[in-house]
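What follows is a set of notes on a single structure, which appears directly below.
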Amino acid sequence: MASFKKTQIRSLPKIGQKVTADTLYWRKLNFPVTVKEFGPIDYIDVMPVEPYFFAVSSAAKVQIYNPITHQVHRHFTRFKEAAYGASFRSDGKLVIAGCDEGHLKLFDIGSKSLLRIFKGHKGPTHRCKFTVDNVHVVSFSDDKSVALWDIPSETEIVKFSEHSDYVRAGCVSTISSDLFLSGSFDHTVKLYDARNPTGSTISVDHGSPVESVLMYPGNSIFVSVGGTELRVWDMLAGGRLLARVSQHHKTITCLQLASDGKRLVTGGLDRHAKIYDVQSYQVVHTLDFPSPVLSLGITPDDFTVVAGMANGLISMQHRQTPAEARALDPKQSLKGRQKSQTAYRFRLNADFKQTFNPATDIAVATKDEICRMPRYDMFLRKFQYSKALDTVLTRYIRKKKPAITVGVMHELIRRDGLKSALAGRDDSSLALILTFLARNINDPSHADILIQVTNTLLEVYESSCLTPQSEKLFLQLQEHVNREVEYVKHLMEIEGMLHILLASTTTQTRRSHSNIGQSSSVKAMLPSAAAAANATMVYNVG
């Protein structure tokens, strides 16, 4: 007797995002831990050295968070109004922040004491940065100016007032303490050299209000964002435009480098953070957030990604450790369970305390015991078609794995047992079948089989007295079918229009490639054609 063959379930490949190395890398971020602040998160800056604390500027305070415990490590509240753009010094010992008063305030992180107050701006100062030598500070203010300050003497060294609107973006060079970059709402990005106090060295037009700027570590390329565009500029070529990228559909608000400068990350009001390859500037991955993103912070080892949002939420995501990845991987956990619960091919019938004979006390497990078949195959093997269909009409299989239900229905059609499986059902079991058909009959991958099932179901219950509930479900199925028929009609109309357009295009192409010398013969034929037309008209009138 031939062995029973399992039911073949037809599975189609899913169309989804292409899995790349970057996708796998950034998917290892754990579920975010969120903290709520009282106002929008203006700016986030990550400490350049371990333990990689990050400073959050929001409302009238600056808070320094521990990325491991997610708790506030230090907080500074010496501000009358809003605090802006707090950033760390390269050694992680000092932090400086701007405020609505136009002052810069320098704090010692260890003692929480206020060390310096730099006064000179007449408008709010939204961004401020330490230079690479750690003894100067650059400020970017709403009074349309950019200033360089000396920390020991607390005095202003030089000020540039070339912008015609608010200066809300700025960064400093990682190589030279004299170079710094500013971005303004007047659509321009300017590069300054402190050794040249007469004006900017390079000026480029971004095309929209500049929200953030960034300078690559080699100081040969800088990036500006504003509106929905990211633009890349060549500094060595005098500000030549290298790339122009638009992947956000709302304003881009922040910029960050990741993966040792190999990836560029932008956040925007569309609640997305796009990760680009700095070689091709193609998006390699996208992070989603529940609110518009105003600021981003990424630790140098990519272990922690912090996002500040417009509703005051701070999202902190950590990269999975190898142990966490193994624990969350279902395949790895399944292997662990299989190792812990080993199913042996040979089992002992005798007790270990007694002597046993291997020839008589060892039983070999059959193949059917080792490889258990699904329940619907067990019922199909016994020709219990109605029970086999009931098995695949459970809630989980109907909604999550409809291919199994369709596969069993296909097997019943092949065995000519579908009528017996559908007949004699009560309202509850009939409702499950009708609901499944109405939900999946529009699916092209299952339509051919489900149409046969629907026709068979109508034949079985055509002469039966149905309850109002069953009649309502049949009418719903009819509505789904009629709607699908209308869709097909519209598609056929569109197909016909496309055929006409393509045919006319082909005809015009052929005519354009015809021989120009034929024009003379056409002109010669015109008099004879006109005479023939006149003769025809005379004949018709007569």
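The values are calculated or read from the model by the stated rules, or taken from the named source; none is laboratory data. Since we're looking at a predicted model, the values are computed, not measured. So basically every Cβ, Gly included, is an ideal-geometry build from the backbone, and we count neighbours across all protein chains shown. All accessible areas refer to the heavy atoms of the entire protein, side chains included, with ligands and DNA or RNA removed. Shrake-Rupley method; radii C 1.70, N 1.55, O 1.52, S 1.80 Å.
When the Cα gyration tensor is reduced to axis lengths a ≥ b ≥ c, the ratio a/c is 1.5 or higher for segment 19-99, and with a/b above b/c it is classed as prolate.
Per-residue Karplus couplings for segment 271-284, computed as 6.51 cos²θ - 1.76 cosθ + 1.60 with θ equal to phi - 60°, are listed in order as 6, 10, 10, 9, 10, 10, 7, 6, 7, 10, 6, 9, 6, 9 Hz, Gly and Pro entered as x.
Taking amide H as placed 1.01 Å from N in the peptide plane, ARG74 has its amide H under 5 Å from the amide H of ILE64, each at least 5 places away in sequence or on another chain. Among the trypsin sites (Lys or Arg not before Pro) in segment 200-264, those located in a DSSP loop and surrounded by at most 15 other Cβ atoms within 10 Å of their own Cβ are LYS250, LYS262.
Between segment 197-241 and segment 255-270, what's the alpha-carbon centroid distance in Å? Using only Cα atoms to place each centre, the spacing works out to 16 Å.
In this structure segment 375-485 gives 55 Å² per residue of accessible area when probed at 1.4 Å with all protein chains present. Taking amide H as placed 1.01 Å from N in the peptide plane, LYS6 has no amide H partner under 5 Å among residues 5 or more places away or on another chain. Shown for segment 375-485: the carbon plus sulfur share of the solvent-accessible area, taken with all protein chains present and a 1.4 angstrom probe, equals 53%. Overall, segment 375-485 carries a charge dipole of about 600 debye about its Cα centre when +1 sits on the Cβ of Lys and Arg and -1 on the Cβ of Asp and Glu, all other atoms neutral.
Its Kirkwood hydrodynamic radius, worked out from the mean inverse distance over all distinct Cα pairs, puts segment 21-321 at 19.0 Å.
From most to least packed by mean Cβ count within 10 Å, the peptides 26-36, 45-55 give 45-55, 26-36. The residues of segment 21-321 expose on average 39 square angstrom of accessible surface per residue, using a 1.4 Å probe on protein heavy atoms. Centre-to-centre, using Cα atoms only, segment 91-117 and segment 478-497 are separated by 68 Å. Where the accessible area of segment 1-148 is counted over protein heavy atoms with a 1.4 Å probe, how much of it, in %, is carbon and sulfur? Reported share for carbon and sulfur atoms: 56 percent. Among the listed pairs LYS18/LYS262; LYS28/LYS190; LYS6/LYS419, give every one whose C-alpha distance is greater than 27 Å. Result: LYS28/LYS190 exceed 27 Å. Rounded to the nearest 20, the Cβ-based charge dipole of segment 21-321 about its Cα centre (Lys and Arg +1, Asp and Glu -1) stands at 460 debye. In segment 375-485, Cα pairs under 8 Å separated by at least six residues give a relative contact order of 25 percent. For segment 386-399, 3J(HN,Hα) computed residue by residue from phi via the Karplus equation (6.51, -1.76, 1.60; θ = phi - 60°) reads 5, 5, 5, 5, 4, 4, 9, 9, 5, 4, 5, 5, 4, 8 Hz, glycine and proline entered as x. With unit charges on the beta carbon (Lys/Arg positive, Asp/Glu negative), name the residue among LEU264, GLY110, CYS254 whose Cα is farthest towards the positive pole of the charge dipole of segment 21-321. Going by the Cα projections, it comes out as GLY110.
Once you list every other residue whose beta carbon is under 15 Å from the beta carbon of GLY227, what net charge do they have if Lys and Arg are +1 and Asp and Glu are -1? Counting the neighbours of GLY227, the net charge comes to -1. Residue by residue, segment 67-80 carries 3J(HN,Hα) couplings of x, 8, 8, 6, 10, 6, 8, 9, 9, 10, 10, 7, 10, 6 Hz when phi is fed to the Karplus relation 6.51 cos²θ - 1.76 cosθ + 1.60 (θ = phi - 60°); x denotes Gly or Pro. Listed by chain and number, the aspartates and glutamates placed with their C-alpha closer than 20 angstrom to that of LYS80 are GLU37, ASP42, ASP100, GLU101, ASP108, ASP142, ASP143; residues fewer than eight positions away on the same chain are left out.
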